[in-house]
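Report on the structure given below.
Computed from the coordinates by the stated procedures, all read-outs in this text should not be read as laboratory data. It should be emphasised that the depicted structure is a prediction, and the values quoted were computed from it without experimental measurement. Cβ sites come from the backbone with ideal geometry, for glycine too, and all protein chains shown count toward neighbours.
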Amino acid sequence: MGGFFGVVSKNDSMLNVFFGVDYHSHLGTKRGGLAAYDKELGFQREIHNIENSPFRTKFENIINEMRGNSAIGCISDSDPQPLLIRSNLGTYAICTVGRINNHEDLIEQYLSYSGGHFGAMTGGKINATELVAALINQKSGFKEGIQFAQKQIDGSMSILILKEDGHLIAARDKKGRLPVHIGKDEDGYAVSFESFAYKKLGFEDEKELGAGEVVEITANAITQLVKPNKNMKICAFLWSYYGYPNSNYEGINVELMRYKNGAIMARHDRESGLLKDIDYACGVPDSGTPHAIGYSNESDIPFARPFIKYTPTWPRSFMPANQKERDKVAKMKQIPVHELIKDKNLLFVDDSIVRGTQLKETVDFLFEHGAKSVHMRSACPPIMYGCKYLNFSGTKNEMELLARRIIMELEGEEGEKYINEYSDSSTERGKKLRAEICKKFNFDSLEFQSLDGIIEAIGLEECQMCTYCWNGKE
């Protein structure tokens, strides 16, 4: 995944962009970057690896060296950016967030007629942001170039550009799978993935770009270059998992959605007679916690935190390079509250169950500390398909997904015909899926939020949301 932030102002923008980008650190763990434009210094750019040190510590001195009334920056979970590009459109800095599925075809097409080249990274890989810039540069203007790039890309791509006149150009991906917000203060504008990032800096909401909309921004005005498309498919997983609690997307707050989502799950469990003898409703920290609060409020089961994550020295469980180390770090971070575990029947709500790599150790940890029973709830439906639109998951093979592995074990490839049945807890196949996962992970019970339930919790029309990872519908 990743996120970007930019400011164009009548005053120096570096401090605002530094904090604005830092507020996107939850969206990526690999690289951070800043680019600025100043009339005297021209373009300046810095990129750093942030895998073992947060963005703030890598850039806190650099902001005193860079300056500009216009600046952009990003947190990236993949390629280094922002990039500085010199082309027929002039010199500019560019950040992107998204995914290109047909990158090899686009690279071959470009090289076959352009006579140009790309800078290759380790293994011959091409920086996705450089590829986007190459597509944009094939046209005579940014508007036409961005439209061309969006049309050619199979996947999704939101774009933030800093031009050599100090203007910003912001483009939301053609289906609006991810958000792009604009905030305003008395000196200019901010562009951000997360709206709370600019609100903390004194900006107020100005507008949220529509799907495929492109705008050019100066310190004084926003000019629409491309009108939004009629059809939007915003990622529903934003609210369930990787969106920040303070964030609003399409006017819907993440934290409130999670409370509602948990309440809907509790309502279903109550109607199904599954709320007996539970001592505490608990969240798998951290993003499962608000879902559990909603569950507790609706069910009248007390909310508790039987274990706490120790994060001061290891803020990210996925920092180490291999899975064995990640699992070890995750276990080290789990500090039990014995009085809330021993002889207790615990119900946990997790934001999702994707691969299930750490669930078994978490449950074993609870039983080792005396839990009487452990019940699990997932705040979203079973994940059946790897996302092909966004880079929020590194799934390379759908057999990495827990639900798909269980289906393969139960029925082999024949089971792929019945994925919808396996998702539905009311069917025999759905019951088998849940029973098999319980057996593997030692849960006393397991349930997933239904697709209808998560749609209700978000509150948008189903046709406006992307639910591909759950039902395979594009």
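Partner aspartates and glutamates whose Cα lies under 12 Å from the Cα of Lys30, excluding those fewer than 8 positions away in the same chain, are identified as Glu51, Asp77, Asp79. Pull out a ≥ b ≥ c, the square roots of the eigenvalues of the alpha-carbon gyration tensor of region 71-141, then state rounded if a/c is under 1.5, prolate if not and a/b is larger than b/c, and oblate in the remaining case. Here region 71-141 falls in the oblate category. With a threshold of 22 Å on the Cα-Cα distance, the over-threshold entries among Lys207/Lys473; Lys175/Lys417; Lys143/Lys227 are Lys207/Lys473; Lys175/Lys417. Using Cα atoms only, what is the angle between the long axis of helix 289-299 and the major principal axis of the chain, expressed in degrees (0 to 90) to the nearest 10? Tilt of helix 289-299: around 40 degrees. Along the Cα→Cβ direction, 7 angstrom out, place labels at Lys360 and Asn297. What is the inter-label distance in nm? Between Lys360 and Asn297, the label points sit 3.7 nm apart.
Within straight-line reach of Lys431, meaning a Cα separation under 20 Å, sit the following aspartates and glutamates at least 8 residues removed in sequence or on another chain: Asp269, Glu271, Asp350, Glu409, Glu411, Glu413, Glu414, Glu416, Glu421, Asp444, Glu447, Asp452. Quick check for me: using +1 on Lys/Arg Cβ and -1 on Asp/Glu Cβ, what's the dipole size of the chain about its Cα centre, in debye to the nearest 20? Computed about the Cα centre, the dipole is about 480 debye. Axis of helix 428-441 versus longest Cα principal axis of the chain: the two differ by about 90°, to the nearest ten degrees.
With R₀ fixed at 22 Å, the C-beta to C-beta distance from Asn102 to Lys473 puts the FRET efficiency at about 0.60.
When both region 443-474 and region 249-294 are represented by their alpha-carbon centers, they are found 14 Å apart.
Annotation for region 1-69 versus region 342-394: alpha-carbon center distance of 35 Å. Against the chain, whose longest principal axis comes from its Cα atoms, helix 402-411 is set at around 50 degrees. Between the beta carbons of Lys342 and Gln464, assuming R0 = 41 Å, the FRET efficiency works out to 0.30 to the nearest 0.05. Just to confirm my numbers, what's the Cα centroid distance between region 411-437 and region 104-160 in Å? Cα centroid of region 411-437 versus Cα centroid of region 104-160: 41 Å apart. Taking 24 Å as the limit for the C-alpha separation, the pairs Lys200/Lys309; Lys276/Lys342; Lys10/Lys230 exceed it in the case of Lys200/Lys309; Lys10/Lys230. Quick one: grab the alpha carbon gyration tensor of the chain, order the square roots of its eigenvalues as a ≥ b ≥ c, and give me rounded if a/c is under 1.5, else prolate or oblate depending on whether a/b is larger than b/c. Cα axes put the chain in the prolate bin.
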